[in-house]
Amino acid sequence: MTGTGIAPGSLITAEGQVQWGELLIGPGTPLHLAAEGLTGWFDLPELDSSDAPRPWQHGSWTGARWAQPRVIGASVWLLGEDRDDTARALDLFARATAPGRDEQWLAVRIHGRTHIAKARLHQRALPADRQLVVGNVAKAAVQWICADPHRYELAEQSATTPLPRRGAGMTYPLNYPLVYGGTTVTGSVLAVNSGNTPAWSAITITGPVRQPRLVNRTTGLTLEYDLILGPGERLAVDTSEGTVVLADDRSSRLHTATSRSIPEQSWVLAPGDNLIDFRAADAEPAARLDLAWRSAFL
């Protein structure tokens, strides 16, 4: 949750509704999207390029391309049954779009799918024109900026696994009835990013474990930390923010990354299937990996 503490998309009950914190726009409310709808939601934001000119020939050396912040706009009709009803709708809209609010989740349901983006208010237009003064109708406009241009799937996915271990097998000589060994645990999880762009994740490693390592077999990317976690101690890795902390006291353990470990913000889940291996220097049966992520779209 961001800002208001209201879960993203929790107020949405109908197709075409938009939720901004506590504000709900769309069918079943006094606030309706105008015919032009929502702009910037599906658009690809402007791209920044690090291309560099070739000094001794035509053209440039190709570099990375990164999306700029996403700008989302909406024209909204405020429709009241009477003047008092319109006044209440005006108050609701003005209060929800007041300046100074923190970044909040903007949720939109289109064709049965609800996606979300972290956004902050940038502009609001609410003209006191003849239509508003004489009638019970007003047309407003609002604009949000998403510093993170990604749109995310509403449902957060998760997966968990202990370290790998093999079954105990069978004991010889055989005695009947036969007793078979325990189940083999692979120490791997499948993380599916159903979006169209790489997604970050939140990682929690619970001890006891020594030198934990995560390998994304799909991308070949590795995270590894030269530390020892005691029983129940948790290491929290946020690949979006690039932080590595002990969950209990929030002290940083970023400095424990080994030479095999890439920068946390580069450890992403590629679109499609990602097979993640959880490994360590010692096969402690109580150690555990918890992975949480949302599919990402641009």
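For this structure, a couple of remarks:
- Members of the range 263-289 that are outside any helix (DSSP H, G or I) and surrounded by fewer than 17 Cβ atoms within 10 Å (Cβ to Cβ): Pro263, Ala270, Gly272, Asp273, Leu275, Ala281, Asp282, Ala283, Pro285, Ala286
- For the range 222-235, residues that are surrounded by 20 or more Cβ atoms within 10 Å (Cβ to Cβ) and within 21 Å of the chain's Cα centre (by Cα) total 2.
- Members of the range 92-108 found to be of a type in the set (Gly, Ala, Ser), more than 18 Å from Arg70 (Cα to Cα) and surrounded by 11 or more Cβ atoms within 10 Å (Cβ to Cβ), listed by number: Ala94, Ala96
- Residue in the range 51-66 that is surrounded by the most Cβ atoms within 10 Å (Cβ to Cβ), counting only those that are out of contact with any Leu (no Cβ under 8 Å at 6 or more places or on another chain) and not in a loop (DSSP other than H, G, I, E, B): Ser60
- Any hit, the range 179-195, residues being in contact with a Phe, Trp or Tyr (Cβ under 7 Å, 6 or more places away or on another chain), assigned by TED's automatic domain parsing to the domain that holds Ala287, of a type in the set (A, V, I, L, M, F, W, C) and at pLDDT 95 or above: yes
- Restricting the range 67-91 to residues that are outside any loop (DSSP other than H, G, I, E, B), touching a residue at least 40 places away in the same chain (Cβ under 8 Å) and out of contact with any strand residue (DSSP E or B) (no Cβ under 7 Å at 6 or more places or on another chain), the residue that is surrounded by the fewest Cβ atoms within 10 Å (Cβ to Cβ): Arg83
- Only a single item in (1) assigned to a strand (DSSP E or B); (2) over 21 Å from His115 (Cβ atoms); (3) touching a residue at least 24 places away in the same chain (Cβ under 8 Å) is not met by Asp48, and it is number (3).
- In this structure, Glu22 does not qualify as modelled with pLDDT under 90 and surrounded by fewer than 14 Cβ atoms within 10 Å (Cβ to Cβ).
- Test: Ala155 is under 23 Å from the mean Cα position of the chain (by Cα) and within 16 Å of Gly26 (Cβ to Cβ): no
- Residue satisfying all of: in the range 236-246; surrounded by 14 or more Cβ atoms within 10 Å (Cβ to Cβ) and of a type outside the set (Val, Ile, Thr); farthest from Thr218 (Cα to Cα) among these: Leu246
The values are calculated or read from the model by the stated rules, or taken from the named source; none is laboratory data. Because the structure is a prediction, the values reported are computed rather than measured. Positions of Cβ are generated from backbone atoms using ideal geometry, with glycine treated the same way; all protein chains shown enter the neighbour counts.
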